[in-house]
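Inspection log for the structure reproduced underneath, given as structure tokens.
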Amino acid sequence: MNDGDLQERKTPTPPAIGTAVQDYLKIIYKLRDEDGLVSPSLVAERLGVSPAAVTKMTKRLAEMNLVRSGRNQRLGLTPSGEKIALEIVRHHRLLELYLKEALGYSWDQVDAEAERLEHAISEEFEERIDQMLGHPTRDPHGDPIPTKEGTILEETHERLTTLEPGQSGVVRRVRDTDPEMLRYMASLGLYPDASVEMLDKAPYGGPLRVRIGEMEHAIGRELADSVFVARATADHGKGP
């Protein structure tokens, strides 16, 4: 047996670790930048714990070969840590969709409920949800659902605020961290797959005027920064 085999045998699997460890891995995965790293202070803020608690936990996670330290003491996931994080993310996003489609929860309610359930479901229950929903690829907010094998299709989309007047796109995903904002988005029809056109942008950080489907609305930039779109490649009906 070589060292690689020994290391693999020692790598913890999701059932062997506690919910606190899983929460840390998931939040590092979700908050990391393009370089795969996140600051410990941001992790502490999002989890609602002290910086000292993050330092203590990340030391433990490093000893478990789940977390690595990058430049400026920022945190990243090892391959083993990312595998566990993706499994928890899969549970969470499948549960969100199940709660909405099968149980009638609104999209602003599903995140908190899935947070409570994601650590408790078995792999068999996860598989049954997946089959019942037709093997979905996205949750109610447009975020990709990792596969059972631990892969995920990450796509980069532009914020709605980047569209200029006359430009249009299709909503691909929205941030799901603020239930009140999600309720307001729902009242506007700002769901994934909705068409949206930028009509006007007031100067000096003023409101934006947009067309969502057939309706025009004035929205704030904070909300627009939480909506991610695929820009239309060309305006239909226009000549060369």
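The values are calculated or read from the model by the stated rules, or taken from the named source; none is laboratory data. Only a predicted model underlies this, so the values are computations on that prediction, with no experimental measurement involved. Using ideal geometry, Cβ is built from the backbone for each residue, glycine included, and neighbour counts are taken over all protein chains shown.
Working carefully through the options Leu6, Leu25, find the one that is at pLDDT 90 or above and within 17 Å of Ser80 (Cβ to Cβ).
Result of the check over Leu6, Leu25: Leu25.
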Residue list for segment 194-214, restricted to those being at pLDDT below 95 and under 24 Å from Lys100 (Cβ atoms): Gly213
Condition check for His91: free of Cβ contacts under 8 Å to residues at least 60 places away in the same chain and not assigned by TED's automatic domain parsing to the domain that holds Ala186: yes
Of all residues in segment 36-88 being closer than 22 Å to Glu149 by Cβ and β-branched (Val, Ile, Thr), the one that is surrounded by the fewest Cβ atoms within 10 Å (Cβ to Cβ): Thr78
Residues located in segment 202-216, provided they are more than 26 Å from the chain's Cα centre (by Cα) and not in a loop (DSSP other than H, G, I, E, B): Arg209, Met215, Glu216
Filtered residues of segment 133-162 (kept if over 29 Å from Leu208 (Cβ atoms) and among the charged types (D, E, K, R)): Lys148, Glu149
Residue in segment 159-168 that is at negative phi, surrounded by 13 or more Cβ atoms within 10 Å (Cβ to Cβ) and within 18 Å of the chain's Cα centre (by Cα) present: yes
Filter pass, Leu61 being in contact with a helix residue (DSSP H, G or I) (Cβ under 9 Å, 6 or more places away or on another chain) and within 22 Å of Glu154 (Cα to Cα): no
Selection within segment 223-240 - modelled with pLDDT of 95 or more and out of contact with any Lys or Arg (no Cβ under 8 Å at 6 or more places or on another chain): Leu223
Residue selected from segment 90-132 under the condition modelled with pLDDT of 95 or more and β-branched (Val, Ile, Thr), by the criterion surrounded by the fewest Cβ atoms within 10 Å (Cβ to Cβ): Ile129
